[in-house]
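A short write-up of the structure that comes next.
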Amino acid sequence: MTSQTMTAAAAGTWTLGDLEINRIGFGAMRLAQSGEAFADDAVPGDRGRAIRVLRRAVELGVNHIDTAAFYFSPLRSANELISRALAPYPEDLVIATKVGPGRDPSGAWIPHATARQLRGQVEENLRQLGRDHLDVVNLRVVGSDSIAERFGALAELREAGLIRHLGISNVTPEHLDEARAIAPVVCVQNMYGIGVRPEHDAFLRTCGDLGVAFVPFYSIAGDGRQAGASGAEHEEVLAVSRAHGASPAQVRLAWTLQRGPHVLAIPGTGDPDHLEANAAAGALRLTADDLAALDSLHRRGA
């Protein structure tokens, strides 16, 4: 499939609360560094190239960007790059960020933020992005403990007008129930993709029933996570790729989007060519036979 004339609008839209977005978005994790994200030897990415990628993403119809204040490397911050590239922001651009984890200036991870510390993290994102409010804030969760106190603190910031909508990330169905009892939840961000956490299939469907967006991360990289895709690929994915003249990454994105109209995609890249291919994946429609083969691979946990 060609990508030159295809935009993020081809995948259709979803509404986060009162914010309508195209289902193909952009993840900013890889903007600030080259190589594996968060690696001890991470080096700054090319600033000019990152800015060009962000501006091109918006030209391609991307109006949902996922970021975090802890996406940084020496000399580079994803939030700073977003502000530099896109401010003053387009009216329809939705920027979603995450709080909970943190990193000190050296890059070392800081223990999960307390309810009191979350306000500082929200304000840090506001300052870096140059905004007076944040469109969507996801509470990133580590472990299975109660999130009531921390999510409640974010709900108070929402009431104060610093946050428009709330989401949760890396969570269980029990976390979603707990959060929804406190304040509206517009999205769930969890690791998910072909062969990645097939046990979350039912959770994905539950989110759809509740009108909550399901936003997979690492849907292309899978178990490669921050390091990116491994380069090896399963024959089922390759067969579908050949049949459609698409790349394996496009097939993986298309399969994810076809899991439900509430499923969003936030592939990240610092490569302009990969960006165009990712946007074009929203136009790829897999057949029933394609889906049967890929679903079988998924259920095997490949």
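Data table
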{"quantity": "Which listed residue is closer than 30 Å to L294 by Cα, at pLDDT 95 or above and of a type in the set (K, R), from R140, R119", "calculated": "R140"}
{"quantity": "Some residue of the range 215-235 being in a helix (DSSP H, G or I), in contact with a Pro (Cβ under 8 Å, 6 or more places away or on another chain) and modelled with pLDDT of 95 or more", "calculated": "no"}
{"quantity": "Search result, residues across the range 275-289 that are within 18 Å of I194 (Cβ to Cβ) and surrounded by fewer than 22 Cβ atoms within 10 Å (Cβ to Cβ)", "calculated": "A277, R285, L286, T287, A288, D289"}
{"quantity": "Residue satisfying all of: in the range 14-41; at pLDDT below 70 and among the aliphatic types (A, V, I, L, M); surrounded by the most Cβ atoms within 10 Å (Cβ to Cβ) among these", "calculated": "A37"}
{"quantity": "Unmet criterion (only one of (1) of a type outside the set (G, A, S); (2) in a helix (DSSP H, G or I); (3) over 30 Å from G17 (Cα atoms)) for V251", "calculated": "(3)"}
{"quantity": "Cross-chain or 6+ apart pairs with Cβ under 6 Å, the range 232-251 first and farther than 18 Å from A292 by Cβ, then part of a loop (DSSP other than H, G, I, E, B) and among the aliphatic types (A, V, I, L, M)", "calculated": "G245/M1; A249/I220; Q250/L284"}
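The values are calculated or read from the model by the stated rules, or taken from the named source; none is laboratory data. Given the structure is predicted, the values throughout are model-derived calculations rather than measurements. Here Cβ is always computed from backbone atoms with ideal geometry, including for glycine, and neighbour counts include all displayed protein chains.
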